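The structure appears below as structure tokens.
The values are calculated or read from the model by the stated rules, or taken from the named source; none is laboratory data. Treat the numbers as computed from the prediction; the structure is a model and nothing was measured. We work out accessible area using only protein heavy atoms, side chains counted, and drop any ligands, DNA or RNA first. Shrake-Rupley method; radii C 1.70, N 1.55, O 1.52, S 1.80 Å.
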Amino acid sequence: MLAELRSLLRLVAGTARDLAPIVFIIAFFQLAILRQPAADLANIAVGLLIVMFGLAVFIRGLEMALFPLGEALAEALARKGSLFWLITFAFGLGFGTTVAEPALIAVCDEAAKVMAGAGAIADTEEARDIYARALRYTVAVSVGTAIVIGVTRILKGWPMHWMIISGYALVVALTAISPAEIIGIAYDSGGVTTSTITVPLVTALGVGLATVIRGRNPMTDGFGLIAFASLLPIIFVLGFGIVVVG
């Protein structure tokens with residue numbers, strides 16, 4: 001228990017060190033450039049302490065639960081020798097962690113409002129809800145597909161750089177023919193999918209697979225799944241725009 005407390009305190013100290021540059025920049029612009037004191041400084045200080053301890057606890061939780069869980073599941077499924085269940089798990093992991101992502105929900109809702117305001121879809125609550133839901137599920141399916149592709153790459157030993165280059169070449173081609181209204185949304189969707197839950201679980205999945213599969217190196221083969229999870233949503237949403245908007 002004492003060792004666990006010391007480990008947590010070290011994490012808190014490390015988090016404080018990581019937050020220090022942000023605090024310094026905000027304080028510098030507030031006092032030196034804007035030249036006015038921050039409103040309700042006490043609340044800001046309390047909020048910073050909450051963020052510092054919250055991040056430390058979150059990182060500790062990742063180390064204790066999500067990373068070991070992801071690696072254990074990957075190793076167990078690989079040893080089971082069932083490609084079907086491994087692929088099913090990979091897709092479900094990507095889809096499930098993305099479809100409920102708050103940042104994605106917010107972006108899709110905002111995109112629906114903007115589309116309605118621009119006249120691209122009917123300006124009714126039902127039309128906006130349908131558009132936002134369709135966009136959200138499109139992104140979730142794309143992330144599930146991305147994790148499947150990434151897992152298959154690890155199993156087959158395919159070179160990642162050619163796959164990424166080909167993917168972005170397809171992005172450029174689709175961008176040229178996609179409606180202008182969807183391009184920004186598509187590029188942003190690649191960022192909101194890499195959430196605080198998706199990243200550790202997917203990374204652990206890749207490392208776990210590369211560890212247990214003979215001939216694979218966790219350092220060179222275990223990472224890279226997140227790159228696919230950022231790339232595929234752009235492709236899928238551009239396609240969504242061509243079909244639905246264009």
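Rounded if a/c is under 1.5, else prolate if a/b is larger than b/c, else oblate: which is region 1-140, with a ≥ b ≥ c the root eigenvalues of its Cα gyration tensor? Present the calculation step by step, with values, prior to reporting the outcome.
Values: a/c = 3.53, a/b = 1.10, b/c = 3.21.
Oblate.
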Worksheet item: Using a ≥ b ≥ c from the Cα gyration tensor of the chain (square roots of the eigenvalues), is it rounded, prolate or oblate, where a/c under 1.5 gives rounded and otherwise the larger of a/b and b/c decides, a/b for prolate?
Response: oblate
Response to the item:
What helix-only [θ] at 222 nm does the chain give? Using -39500 (n - 2.57) per DSSP H run of at least 4, over all residues, to the nearest 500, the answer is -26500 deg cm²/dmol
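Would you mind telling me the share, in percent, of accessible area of region 65-190 contributed by carbon and sulfur at probe 1.4 angstrom? Provide the component values of the computation, followed by the final result.
Numbers: 4350 of 6490 Å².
Using a 1.4 Å probe with all protein chains present, region 65-190 comes out at 67 percent carbon and sulfur.
With a ≥ b ≥ c the root eigenvalues of the C-alpha gyration tensor of region 19-89, is it rounded (a/c under 1.5), prolate (a/b larger than b/c) or oblate? Kindly include the intermediate steps, with their values, before the conclusion.
Values: a/c = 5.30, a/b = 3.61, b/c = 1.47.
Because a/c hits 1.5 or more and a/b exceeds b/c, region 19-89 counts as prolate.
Hey, can you find the accessible area per residue of the chain for me, probe 1.4 Å, expressed in square angstrom?
Numbers: 13610 Å² over 246 residues.
In whole numbers, the chain has 55 Å² accessible per residue.
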Fill in: Heavy atoms of R153: accessible area, 1.4 Å probe, square angstrom to 10
10
Worksheet item: Just by accessible area at a 1.4 angstrom probe, what is the order of T152, T124 from largest to smallest?
Response: T124, T152
Worksheet item: What percent does the relative contact order of the chain come to when contacts are Cα pairs within less than 8 Å and at least six residues apart?
Response: 25
